[in-house]
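A.B. asks: What follows is a structure written as structure tokens; I'll ask about it next.
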Amino acid sequence: MSTAITLGQFIIEKQADFPYAKGELSRLLRDIAIAAKIINREVNKAGLMDILGNAGSNNIHSEPQQKLDVFANEQFISALKAGGECCIVASEENEDIIIIDPPDRKQGKYIVAIDPLDGSSNIDVNVPVGSIFSIIRKSNDVDPCALSDVLQKGHMQVAAGYIIYGSSTMLVYTTGKGVNGFTLDPSIGEFCLSHPDMHIPEDGNIYSINEGHYVNFPKGVKQYIKYCQEEQHPTRRPYISRYIGSMVADIHRNLIKGGIFIYPATASSPEGKLRLVYECNPIAFIIEQAGGRASNGHGRILDLEVSGLHQRTAVFIGSINMVSQVERFLKEAAGLA
Ligand code: P6P
């Protein structure tokens, strides 16, 4: 049996892809992986420890913070502070950016935007949850760190990834040269390459959307859902509805099997529910790098103007043929086709 390639070995091997980088990005990815291993340990025993349920506080979106949310956020921030490569952390759990500028060493040049524990409302029912990260390079090395450094378009990302804490724990990431997946081997405490060069099937028959919001969906989305429900394909199974309610889990399944994940604008969330900077941009980067498409219904998510740290967007992400098809439904419904 060939020896497993660990994440650390893989990063070093791929460092040649970045002639300008002197190892900082590699160290940053390793810092993130360290935090992920610690979070994984706690997520896996959440049922046994007193870290289930709400922390008794709310996050900045006045959503009850699960204790593991708070724990995960703290782990990423401390790992990034210790690693020294990161100058700003932008987190779903914090209203403002966190600037890291230790007096005793040179300030890092990378910005890390994170959703430390996405889907955390599912923890108590043992449904897979995930961490999402986006890495951007500070816009210049002269000006002091500021929010403007974070508000860069998604196509400026240098790396992005997610960790899914599911039946196994996986780290999936891209640095703009394809997508690779690593599975945590708890017996050695290492993420090992298990899914090299991941590609999302061009087409699929899985659609993921919370149909409970149906009445508030735009007309084109309602028509697409009706099409999925009624279309009988000549050679394959008809469309299948799969919705976990944990974005990383829904995206990961579709990345492997093909499919589309949709969270459109609704009456209660007129801008969409999911956040651009630390959820949609990193996931969009990964899915595009895997050969898929990531749209807000009208255009590329990675080209969207970023005006706010916690800005939201509608998302239609997955197999390129499925996303293009739902965009056609939206155009026709808006009378633009
Ligand atoms: P709804 C979890 O709260 C989350 O942010 C994503 O992980 C998930 O895809 C979505 O919200 C679920 O939202 O409205 O379907 O419960």
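The values are calculated or read from the model by the stated rules, or taken from the named source; none is laboratory data. Since this is a predicted model, take the numbers as computed values, not measurements. Note that each Cβ is placed from the backbone with ideal geometry, even for glycine, and that neighbours are counted across all protein chains shown. Each accessible area value is taken on the protein alone, full model and side chains, heavy atoms only, with ligands, DNA and RNA left out. Shrake-Rupley method; radii C 1.70, N 1.55, O 1.52, S 1.80 Å.
A.B. asks: Report, by residue number, each residue of the stretch 297-316 that is within 17 Å of residue 266 (Cβ to Cβ) and either outside any loop (DSSP other than H, G, I, E, B) or basic (Lys, Arg) (or both).
C.D. replies: 312, 315, 316
A.B. asks: Given the criteria buried (at least 17 other Cβ atoms within 10 Å of the Cβ) and basic (Lys, Arg), does residue 236 qualify?
C.D. replies: In short, no.
A.B. asks: Please specify each residue of the stretch 117-142 satisfying the condition of being of a type outside the set (S, T, N, Q), within 16 Å of the ligand (Cβ to nearest atom) and touching an Asp or Glu at 6+ places or on another chain (Cβ under 6 Å).
C.D. replies: 117, 130, 132 - these are the residues of the stretch 117-142 that are of a type outside the set (S, T, N, Q), within 16 Å of the ligand (Cβ to nearest atom) and touching an Asp or Glu at 6+ places or on another chain (Cβ under 6 Å).
A.B. asks: While we're here: In the stretch 64-86, is there at least one residue being within 16 Å of the ligand (Cβ to nearest atom), of a type outside the set (Lys, Arg), in a loop (DSSP other than H, G, I, E, B) and in contact (Cβ under 8 Å) with a residue 24 or more places away in the chain?
C.D. replies: So far as the stretch 64-86 goes, no, none of its residues is within 16 Å of the ligand (Cβ to nearest atom), of a type outside the set (Lys, Arg), in a loop (DSSP other than H, G, I, E, B) and in contact (Cβ under 8 Å) with a residue 24 or more places away in the chain.
A.B. asks: Can residue 239 be described as under 25 Å from residue 285 (Cβ atoms) and aromatic (Phe, Trp, Tyr)?
C.D. replies: When the stated conditions are applied, residue 239 does not pass them.
A.B. asks: Restricting to strands (runs of 3 or more DSSP E) lying wholly in the stretch 97-210: which have 3 or more residues that are farther than 21 Å from residue 318 by Cβ, touching a helix residue (DSSP H, G or I) at 6+ places or on another chain (Cβ under 8 Å) and open to solvent by 10 Å² or more (accessible area, probe 1.4 Å)?
C.D. replies: Here the list reads 190-195.
Okay, residues lined up against (1) away from the ligand (no atom under 13 Å from the Cβ); (2) in contact (Cβ under 8 Å) with a residue 60 or more places away in the chain; (3) open to solvent by less than 10 Å² (accessible area, probe 1.4 Å):
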| site | (1), (2), (3) |
| --- | --- |
| 221 | yes, yes, yes |
| 226 | yes, no, no |
| 232 | yes, no, no |
| 246 | no, yes, yes |
| 251 | no, yes, yes |
| 269 | no, no, no |
| 279 | no, yes, yes |
| 283 | no, yes, yes |
| 286 | yes, yes, yes |
